[in-house]
Amino acid sequence: MSVTSGVLHEEPSIFERGAPGRRGVAVPDAGAAAPAIPERLLRRSAPLLPEVSELETVRHFTRLSRMNYGVDVGLYPLGSCTMKYNPRACEDAAAMAGFADLHPYAPASASQGALEVMWELERALVEISGMSAVTLLPAAGAHGELAGLKVIRKALSARGDARKKVLIPDTAHGTNPASVALNGWQAVEVKSNADGILDPSAVAAAMADDVAGIMITNPNTLGLFEGRIFEVSQVVHAKGGLVYGDGANLNAILGKYRPACLGIDVIQFNLHKTFSTPHGGGGPGSGPVGVAHDLVRFLPVPRVVRGPDGMLSLSDAFPDSIGRVRSFAGQFLVMVRALAYIRGLGPEGLARVAERAVLNANYVRARLAGRLHLPYPGPCMHEAVFSDKVQGKAGVTTMDMAKRLMDKGFHPPTVYFPLIVHGAIMIEPTETEDKQSIDEFVAAMEAIVEEAATAPDGLHAAPSLTPVSRPDEVEAARRPVLAWKPGS
Ligand SMILES: *Cc1c(COP(=O)(O)O)cnc(C)c1O
């Protein structure tokens, strides 16, 4: 119950509620003899289950749900994660019985509608990105990165090239170097310039004969558009390398430009950020990968193909493919939501997504610029990165301010990321927020900045209105306690 242990209000587990013999419902005796169960299958001791009434159960889980925070509760400005509102209509589409109840082993003849969804979604993503073909198989953004890197590795080895290094800007998302390592390669950091973007000369200096290519997050994790990306692509291509574009932040550029036009050879899309599947909670996600013409034959299998009779099927008949990256055909219901979203908005609607995402972030940037330090001034894309440099003089950290935001009813922004900004505060309001909700968020931030200037010490104990205050985050990550056990 103390602030130091991190727990302000302990919710008893369902096991600690109730009393022996208490039941939810009374089932009438059917009057029939119980079927005989073989002796060896019988339990030796009674299972340890909570003995609770129906009302206690409903209240317990409703209370737990109210301790949670989600997009349905309020603004969720977690930069780089695009925690935006996802239209209910897309959920309805994914819940349709013909999609939701389809068995993964159903033959193609009985799944033409589902295959049509995949076929159309692939073509929609091709249209949006300008790539030549798309696979929908990877199950997340990072999984798409790995599949894309495997495609690059196969393409290089097909021409007898054994390059093993990949350039990664210091503004890249953390999954990029991790994917390079998982692919058995080595990540080489390239520093961004004083404006926070990549300089072609820095890339040229690092672009040796053993470098397979570069991975570029665009917009980068400073929320900045890589304005010289086309020149960077030319430098990399001239040295025989390939350009991987991390497309997780596509909501900033949808309908505005096609990544392929800037020299991107491989890109992943995060359907669970940009295209109407909620992000977070461990999934399910989907990270389709688009590739340029010369790389199409290396895409993973199975691929959706249309026969001469117009019928669709899943085909493994691609001898140069990197092979399978996932069971069955991928996260199908995420694909249904994505297609419903893309079709629902249409080309003009998708372009407005990008306009609104960028406008909202720049509004936050402009409103808070005088109060929080802005390490890279100038317009941003879909997120604005601040730091605690000003408040730090009074001993107030990014963590203090983020925690106080919870007392004000908001989810904190992404903190201490990107790493190149000391005490970073990365705010992505997302395109689905209106001015009113952003104004409320800005007012909360302004009040916190004011508190930092007038009564800084109080902030170290924030939050004080939430069920949990400041848990030991390292311990929580290293030794997570995910289930209650009797006696724990
Ligand atoms: C979220 C994100 C990823 C990783 O996507 P996951 O689905 O979480 O694996 C990669 N790059 C960027 C820029 C991201 O924002």
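The values are calculated or read from the model by the stated rules, or taken from the named source; none is laboratory data. Just so it is clear, the model here is predicted, and its values are computed rather than measured. Ideal geometry is used to build each Cβ from the backbone, glycine not excepted, and the neighbour counts take in all protein chains shown. The protein model used for the area step is the full one, side chains on, heavy atoms only, and it has no ligands, DNA or RNA in it. Shrake-Rupley method; radii C 1.70, N 1.55, O 1.52, S 1.80 Å.
Would you mind checking which residues have amide H under 5 Å from F417's amide H? H placed 1.01 Å from N; only 5 or more apart, or other chain.
A424, M426
Rounded to two decimals, what is Rg over Rh for region 273-357 when you use alpha-carbon atoms and the Kirkwood radius?
Ratio of gyration radius to Kirkwood radius for region 273-357: 1.02.
When every alpha-carbon pair in region 222-309 is counted, what percent end up more than 21 Å apart?
Details: 1654 of 3828 pairs.
Of all Cα-Cα pairs in region 222-309, 43 percent lie more than 21 Å apart.
State log₁₀ I(q)/I(0) for region 88-344 at q = 0.08, 0.11, 0.15 Å⁻¹ as given by the Debye formula over alpha-carbon point scatterers of equal weight, solvent excluded.
Once normalised to I(0) and log-transformed, intensities are -0.30, -0.57, -1.02.
Over the chain, one equal point on each Cα, no solvent: what is log10 I(q)/I(0) by the Debye formula at q = 0.08, 0.12 Å⁻¹?
-0.59, -1.15
What figure, in Å² to the nearest 10, do you get for the accessible area of F225 with a 1.4 Å probe and non-protein molecules left out?
70
Summing Lys, Arg as +1 and Asp, Glu as -1, what charge do residues with Cβ under 14 Å from the Cβ of S132 carry, S132 excluded?
0
What is the distance in Å between the Cα centroid of region 7-44 and that of region 312-375?
Centre-to-centre (Cα) distance: 45 Å.
Rank-order 140-147, 349-356 by packing density, defined as the average count of other C-beta atoms within 10 Å over each peptide's residues, highest first.
Highest to lowest by the protection proxy: 140-147, 349-356.
Straight-line reach from K154: which lysines fall under 23 Å, measuring Cα to Cα and dropping same-chain residues less than 8 apart?
Hits, sequence-local ones excluded: K164, K165, K239.
Antiparallel DSSP bridges in the chain: what percent, to the nearest 5?
Taking every DSSP beta bridge with both residues in the chain, the antiparallel ones total about 55 percent.
Measure off, as a whole percent, the carbon and sulfur share of the 1.4 Å-probe accessible area of the chain, all protein chains present.
With neighbouring chains kept in place, the figure for the chain is 58 percent.
Using each residue's phi in region 436-446, evaluate 6.51 cos²θ - 1.76 cosθ + 1.60 at θ = phi - 60° and report the 3J(HN,Hα) Karplus result to the nearest Hz, with x for Gly and Pro.
Whole-Hz 3J(HN,Hα) from phi for region 436-446: 4, 6, 5, 4, 5, 5, 4, 4, 5, 5, 4.
Two decimals, Cα atoms only, Kirkwood Rh: what is Rg/Rh over region 219-371?
1.01
Provide H460, H272, H279, H422 ordered by accessible surface of protein heavy atoms (probe 1.4 Å), highest first.
Largest accessible area first, the list is H422, H460, H279, H272.
What whole-number value in Å² describes the accessible area per residue of the chain for a 1.4 Å probe?
48
What percentage of all Cα-Cα pairs in region 347-464 are separated by more than 19 Å?
44
Tell me which lysines have Cα within less than 29 Å of K403's Cα, excluding those fewer than 8 residues away on the same chain?
Correct list for K403: K84, K273, K389, K393, K435.
Compute the Rg/Rh shape ratio of region 147-295: radius of gyration over Kirkwood radius, all on alpha-carbon atoms.
On the way: Rg = 14.6 Å, Rh = 15.4 Å.
Ratio of gyration radius to Kirkwood radius for region 147-295: 0.94.
Amide H to amide H under 5 Å from G247: which residues, 5+ apart in sequence or cross-chain, H placed 1.01 Å off N in plane?
Q268
Between region 150-225 and region 409-453, what's the alpha-carbon centroid distance in Å?
The distance from the Cα centre of region 150-225 to that of region 409-453 comes to 30 Å.
Would you calculate, for the chain, the mean residue ellipticity at 222 nm contributed by helices, counting each DSSP H stretch of 4 or more residues as -39,500 (n - 2.57) and dividing by all residues, to the nearest 500?
-10500 deg cm²/dmol
S109: accessible area at probe 1.4 Å, nearest 10 Å²?
90
So what's the gap between the Cα centers of region 52-86 and region 230-308, to the nearest angstrom?
32
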